[in-house]
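Read through the structure below, which is laid out as structure tokens, and then see the notes.
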Amino acid sequence: MSKLSALVLAIALFIAHGPLSAAPLPAEDLFGKSLVRTMKISPDGAHVALTFEEDTEVKLAVIRLDDQAYLSRFEFGENMHVLNFWWASDERVVMSVGEVTGNLDNLGRPQSLYAADVDGSNRREIFSTTTSFVQVLHPLPDDPRNILVARYHWADEGVPKGNLLDVTTGRLSYLDDQPVDSDMAALVADNDGELRAAIAVRVGDTLDDIEFRIYAKHGDDWRTVDLPSERRSPQVDFLGFSADNQQAYFRSNHDMPSNDRMGVFRYDFETGEVDLMYRHEHVDARGLLRTPSGNVLGAWATFGPADYAFFDDQVEALPDQARLLAGLLNAFPEDDVFVTSSTRDGTKSIISVSGDQNPGDFYLFDGKEVQMRFQAASFPDLDKSKLVPMEPVRIEARDGLVLNAFLTRPKDAKKNLPLILNVHGGPFGPYDSWDFNPEAQYFAQHGYATLQVNFRGSGNRGQDFQQAGWREWGGKMQDDVTDATRWAIEQGIADPERICIYGGSYGGYATLMGVIKEPDLYQCGVGYVGVYDLEWFRNGDGSDFSRRRDRDSRENFERFMSSAVGETPESLRPVSPVLHVDRIKADLFIVHGEDDVRVPVGHAYRLRDALDAAGMEYEWMIKEKEGHGFYQVDNRVDLYEAMLAFFDKHIGAESAE
């Protein structure tokens with residue numbers, strides 16, 4: 001038996017499910033804090049750094065690998081999260097730290113960069129966001145003194161300048177500008193930390209009037225990468241470089257006049273040629289497929305489990321690397337497998353493994369010995385044998401548009417089920433994906449099916465699909481949710497008398513509009529940190545933009561609102577839930593965090609006032625010291641146990657009594 005075959009067999013035995021147990025998983029097991037969020041190995045392979053959740057924070061710890069000794073931990077105060085981190089050298093870690101006030105709040109803006117030695121000593125704030133912020137472009141692990149950053153200063157109006165940042169003193173040293181004047185830009189470094197590419201952006205008056213240009217650096221000269229466009233506003237973003245830095249990979253839809261899924265392109269610095277390498281049939285390409293040693297062998301996308309596509313020329317050039325990577329992927333056929341980090345010499349890597357029934361495991365891979373050692377699990381006490389699969393499905397909307405969706409059903413139950421239609425937030429850009437979903441798993445434990453639909457406006461389907469949701473609040477976006485619900489009934493999956501709708505943020509809005517527009521379709525609804533007064537939201541006071549009064553923020557706010565939501569606050573009255581509660585027949589449960597800055601709690605109070613004025617009954621939960629989505633474990637457990645009781649009462653066994 002080869003080393004690779006033995007590795008696959010050993011891993012399969014390690015992850016095999018144990019005997020089944022009948023008792024459902026408690027809420028504490030599914031909604032607790034993760035022991036490990038992500039893990040990265042040091043350049044010399046001696047240590048790993050990992051982030052973990054504790055209290056209201058995300059903290060960082062360093063572990064020595066040879067004896068698994070716990071060397072240090074770093075924390076930064078209430079609601080402060082380590083958002084990202086990099087190994088700046090064998091002995092020093094740089095951490096990006098920002099405030100996050102809610103479990104659904106993705107606003108975590110970096111506020112500071114900190115650096116510290118692996119033993120916890122010499123901790124220092126090396127950059128603070130006051131008049132500018134920085135983006136880490138490369139950790140420069142072979143330069144123990146500096147990292148490479150792009151500095152965005154308010155005086156430069158969002159245009160970056162390349163700088164070295166001293167990880168001991170915090171001193172900035174200017175290196176280079178972006179290639180041309182533009183409204184916004186991004187600098188890109190290659191694998192050696194050299195500035196080699198840039199994206200320049202010109203912004204018009206509307207969201208669909210944006211021009212992207214790509215530049216590649218040849219010596220001291222910046223050259224425009226020629227991308228003949230079939231679109232008014234093509235999209236582009238860089239993915240990385242080949243191991244030898246002779247090719248750059250990027251995502252774009254410039255070549256697609258319609259049905260514009262993002263593809264992966266390769267730019268050759270020697271010839272100047274641009275080649276399309278990969279495009280998925282249904283969804284956007286997401287990233288590159290790399291070997292543990294850093295070679296690019298393909299790309300991937302996600303509708304269900306990750307779709308890995310190998311590039312023929314790379315497989316032909318690196319057959320041994322291709323076999324090794326294929327073996328790693330085949331070792332976990334039910335999960336997604338990615339390299340999070342590798343040592344300087346590429347011989348050791350941290351591999352992350354996750355899927356719909358696996359919240360995340362981390363392995364140390366030794367490429368020389370072709371050995372894999374289990375390192376940590378995100379939720380080590382979770383009984384995975386009780387988890388159920390998430391099924392990718394495709395649903396045709398009333399106008400013929402095909403929607404991607406995900407169905408989670410209780411174990412050994414397929415038909416005539418009580419259904420929860422779970423609507424994601426956003427709405428523009430975010431999307432539901434095939435991965436571990438504690439909500440769907442919790443409700444499946446108790447006999448409920450969950451359907452999540454990526455309505456028009458969602459991400460991962462191209463620019464046209466996302467823009468199809470613009471100005472469709474309460475319109476076609478809502479119709480897609482309705483059509484998905486009716487699909488579940490027609491397929492015999494859902495009992496038509498036992499359906500509830502639930503969602504957070506925009507999903508909370510869609511919940512209220514669902515029970516308003518379709519009063520006989522849903523028996524109940526749960527609105528979680530939702531937008532309920534669209535006029536208040538549109539004028540800026542009822543959104544997070546009320547905190548940002550600078551000119552650029554106001555211009556961006558108006559551009560977004562007029563393009564994607566509605567021209568004026570008055571135009572949104574027909575689809576503002578607080579004005580139409582008299583049409584509701586379903587039972588309601590309204591949930592919000594008192595300290596929500598993304599969607600202020602005033603939305604919940606305004607909805608409550610409207611319901612009270614209409615003489616309607618409802619259930620109510622407001623939690624203090626919680627933001628946009630509950631973060632404290634006790635409050636999360638309270639919420640989901642209360643939701644389960646609410647569903648049991650209205651569409652569960654209790655509802656039939």
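The values are calculated or read from the model by the stated rules, or taken from the named source; none is laboratory data. Note that the structure is predicted; figures quoted are calculated from it, not measured. Here the Cβ is made from the backbone with ideal geometry for all residues, glycine too, and neighbour counts use every protein chain on show.
Going by the structure shown, is Phe52 buried (at least 19 other Cβ atoms within 10 Å of the Cβ), aromatic (Phe, Trp, Tyr) and touching a residue at least 24 places away in the same chain (Cβ under 8 Å)?
Working: buried (at least 19 other Cβ atoms within 10 Å of the Cβ): yes; aromatic (Phe, Trp, Tyr): yes; touching a residue at least 24 places away in the same chain (Cβ under 8 Å): no.
Here the answer is no, as Phe52 does not meet what is asked.
All but one of (1) surrounded by fewer than 18 Cβ atoms within 10 Å (Cβ to Cβ); (2) of a type in the set (A, V, I, L, M, F, W, C); (3) more than 20 Å from Ala115 (Cα to Cα) hold for Leu83; which doesn't?
Single failed check for Leu83: (3).
Which condition number does Leu276 fail, the rest of (1) touching a residue at least 24 places away in the same chain (Cβ under 8 Å); (2) within 30 Å of Leu328 (Cβ to Cβ); (3) in contact with a Phe, Trp or Tyr (Cβ under 8 Å, 6 or more places away or on another chain); (4) not small (Gly, Ala, Ser) being met?
Just one mismatch for Leu276, condition (1).
So which residues in the range 403-424 are assigned to a loop (DSSP other than H, G, I, E, B) and surrounded by fewer than 22 Cβ atoms within 10 Å (Cβ to Cβ), if there are any at all?
Just the residues of the range 403-424 that are assigned to a loop (DSSP other than H, G, I, E, B), to begin with: 409-416, 424.
Pro410, Lys411, Asp412, Ala413, Lys414, Lys415, Asn416, listed by residue number.
Of the residues that make up the range 446-453, is at least one farther than 18 Å from Met390 by Cβ and of a type in the set (Phe, Trp, Tyr)?
So far as the range 446-453 goes, no, none of its residues is farther than 18 Å from Met390 by Cβ and of a type in the set (Phe, Trp, Tyr).
Can you pull out the residues in the range 330-344 that are assigned to a helix (DSSP H, G or I) and either modelled with pLDDT of 95 or more or buried (at least 16 other Cβ atoms within 10 Å of the Cβ) (or both)?
Residues of the range 330-344 assigned to a helix (DSSP H, G or I): 330-331.
Listed by number, the list holds a single entry, Ala331.
Counting only residues that are surrounded by 19 or more Cβ atoms within 10 Å (Cβ to Cβ) and among the basic types (Lys, Arg), which one in the range 214-257 is modelled with the lowest pLDDT?
Lys217
Is it true that Asp320 is surrounded by fewer than 21 Cβ atoms within 10 Å (Cβ to Cβ) and free of Cβ contacts under 8 Å to residues at least 12 places away in the same chain? First the steps, then the outcome.
Numbers: surrounded by fewer than 21 Cβ atoms within 10 Å (Cβ to Cβ): yes; free of Cβ contacts under 8 Å to residues at least 12 places away in the same chain: yes.
The answer is yes for Asp320.
Please go through the range 294-311 and give me each residue that is outside any strand (DSSP E or B) and either at pLDDT 95 or above or in contact with a helix residue (DSSP H, G or I) (Cβ under 7 Å, 6 or more places away or on another chain) (or both), ordered by number.
Listed by number, the residues that qualify are Asn295, Phe311.
Please go through the range 225-248 and pick out each residue that is among the charged types (D, E, K, R) and in a strand (DSSP E or B). If you could, list the steps in order and put the result at the bottom.
Initial filter on the range 225-248 (among the charged types (D, E, K, R)): 226, 230-232, 237, 244.
Asp237 - this is the single residue of the range 225-248 that is among the charged types (D, E, K, R) and in a strand (DSSP E or B).
Which condition number in (1) under 25 Å from the mean Cα position of the chain (by Cα); (2) closer than 20 Å to Ile63 by Cβ; (3) surrounded by 22 or more Cβ atoms within 10 Å (Cβ to Cβ) is the one that Phe365 fails?
(1)
Just to check your reading of the model, which residue among Thr130, Thr169 is loosely packed, with under 14 Cβ neighbours inside 10 Å, modelled with pLDDT of 90 or more and out of contact with any Pro (no Cβ under 8 Å at 6 or more places or on another chain)?
Working: Thr130 fails: modelled with pLDDT of 90 or more.
Criteria check complete, one pass: Thr169.
Just one of the numbered conditions (1) part of a strand (DSSP E or B); (2) surrounded by 19 or more Cβ atoms within 10 Å (Cβ to Cβ) is not true of Asp275; which one?
Condition not satisfied by Asp275: (2).
Listed residues Gln321, Gln375; which is assigned to a strand (DSSP E or B) and out of contact with any helix residue (DSSP H, G or I) (no Cβ under 6 Å at 6 or more places or on another chain)?
Working: Gln321 fails: assigned to a strand (DSSP E or B).
Exactly one of Gln321, Gln375 is assigned to a strand (DSSP E or B) and out of contact with any helix residue (DSSP H, G or I) (no Cβ under 6 Å at 6 or more places or on another chain), namely Gln375.
Just the residues that are more than 16 Å from Ser112 (Cβ to Cβ) and of a type outside the set (Val, Ile, Thr), please, taken from the range 154-170.
Quick first cut of the range 154-170, residues more than 16 Å from Ser112 (Cβ to Cβ) only: 154-164.
Residues satisfying the conditions are Trp154, Ala155, Asp156, Glu157, Gly158, Pro160, Lys161, Gly162, Asn163, Leu164.
Does the range 368-378 include one or more residues that are in contact with a Leu (Cβ under 7 Å, 6 or more places away or on another chain), touching a residue at least 60 places away in the same chain (Cβ under 8 Å), closer than 30 Å to Gly459 by Cβ and surrounded by 21 or more Cβ atoms within 10 Å (Cβ to Cβ)?
Within the range 368-378, one or more residues are in contact with a Leu (Cβ under 7 Å, 6 or more places away or on another chain), touching a residue at least 60 places away in the same chain (Cβ under 8 Å), closer than 30 Å to Gly459 by Cβ and surrounded by 21 or more Cβ atoms within 10 Å (Cβ to Cβ).
Which of the residues spanning the range 604-622 are closer than 18 Å to Leu639 by Cβ, free of Cβ contacts under 8 Å to residues at least 60 places away in the same chain and assigned to a helix (DSSP H, G or I)? Let's see the steps before the verdict.
Looking only at the range 604-622, we keep the residues that are closer than 18 Å to Leu639 by Cβ, and these are 604, 607-608, 618-622.
Next, only the ones that are free of Cβ contacts under 8 Å to residues at least 60 places away in the same chain stay: 608, 618-622.
Result: Arg608, single match.
Taking the range 80-100, which residues are closer than 12 Å to Thr56 by Cα and either without any contact (Cβ under 8 Å) to a residue 24 or more places away in the chain or among the aliphatic types (A, V, I, L, M) (or both)?
Initially, the range 80-100 is screened for residues closer than 12 Å to Thr56 by Cα, giving 80-82, 99-100.
Within the range 80-100, Met80, Val82, Glu99, Val100 meet the criteria.
Please state which of the following conditions Pro389 fails to meet, knowing it meets all the rest: (1) touching an Asp or Glu at 6+ places or on another chain (Cβ under 8 Å); (2) over 24 Å from Gln523 (Cβ atoms); (3) touching a residue at least 40 places away in the same chain (Cβ under 8 Å).
The failed condition is (3).
Within the range 28-62, which residues are of a type in the set (Gly, Ala, Ser) and modelled with pLDDT under 95?
Just the residues of the range 28-62 that are of a type in the set (Gly, Ala, Ser), to begin with: 32, 34, 42, 45-46, 49, 61.
If the condition is that a residue be of a type in the set (Gly, Ala, Ser) and modelled with pLDDT under 95, then Gly32, Ser34 are the ones that fit.
So that you can scan it fast, the table gives a plain yes or no per residue for (1) at pLDDT 95 or above; (2) of a type in the set (D, E, K, R); (3) over 30 Å from Lys625 (Cα atoms):
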position: Ala16; (1), (2), (3): no, no, yes
position: Ser21; (1), (2), (3): no, no, yes
position: Arg64; (1), (2), (3): yes, yes, yes
position: Ser72; (1), (2), (3): yes, no, no
position: Asp90; (1), (2), (3): yes, yes, yes
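Does the range 448-458 contain at least one residue that is buried (at least 20 other Cβ atoms within 10 Å of the Cβ), among the small types (Gly, Ala, Ser), modelled with pLDDT of 95 or more and assigned to a loop (DSSP other than H, G, I, E, B)?
Going through the range 448-458, the residues buried (at least 20 other Cβ atoms within 10 Å of the Cβ) turn out to be 448-458.
Filter once more, so that each one left must be among the small types (Gly, Ala, Ser): 449, 457-458.
Retained after the next criterion (residues that are modelled with pLDDT of 95 or more): 449, 457-458.
Within this subset, residues satisfying the condition of being assigned to a loop (DSSP other than H, G, I, E, B) are 457-458.
Yes: one or more hits.
Kindly check whether there is at least one residue in the range 62-69 that is touching a strand residue (DSSP E or B) at 6+ places or on another chain (Cβ under 9 Å) and among the charged types (D, E, K, R).
yes
Evaluate the following for Ala440: is it crowded, with 16+ Cβ neighbours inside 10 Å and outside any strand (DSSP E or B)? Talk me through it step by step, then tell me what you get.
Working: crowded, with 16+ Cβ neighbours inside 10 Å: yes; outside any strand (DSSP E or B): yes.
Taking the combined requirement at face value, the residue satisfies it.
State the number of residues belonging to the range 635-657 that are modelled with pLDDT of 95 or more, over 24 Å from the mean Cα position of the chain (by Cα) and more than 15 Å from Phe443 (Cβ to Cβ). Break it down into steps so the answer makes sense when it comes.
Going residue by residue through the range 635-657, those that are modelled with pLDDT of 95 or more are 635-651.
Imposing the further condition that a residue be over 24 Å from the mean Cα position of the chain (by Cα) reduces the set to 638, 641-651.
Going one step further and asking which of them are more than 15 Å from Phe443 (Cβ to Cβ), we end up with 638.
Summing the residues that are modelled with pLDDT of 95 or more, over 24 Å from the mean Cα position of the chain (by Cα) and more than 15 Å from Phe443 (Cβ to Cβ) in the range 635-657 gives 1.
How many residues are out of contact with any Asp or Glu (no Cβ under 9 Å at 6 or more places or on another chain), of a type in the set (A, V, I, L, M, F, W, C) and more than 22 Å from Ile651 (Cα to Cα) if we restrict to the range 392-437?
The qualifying residues number 2.
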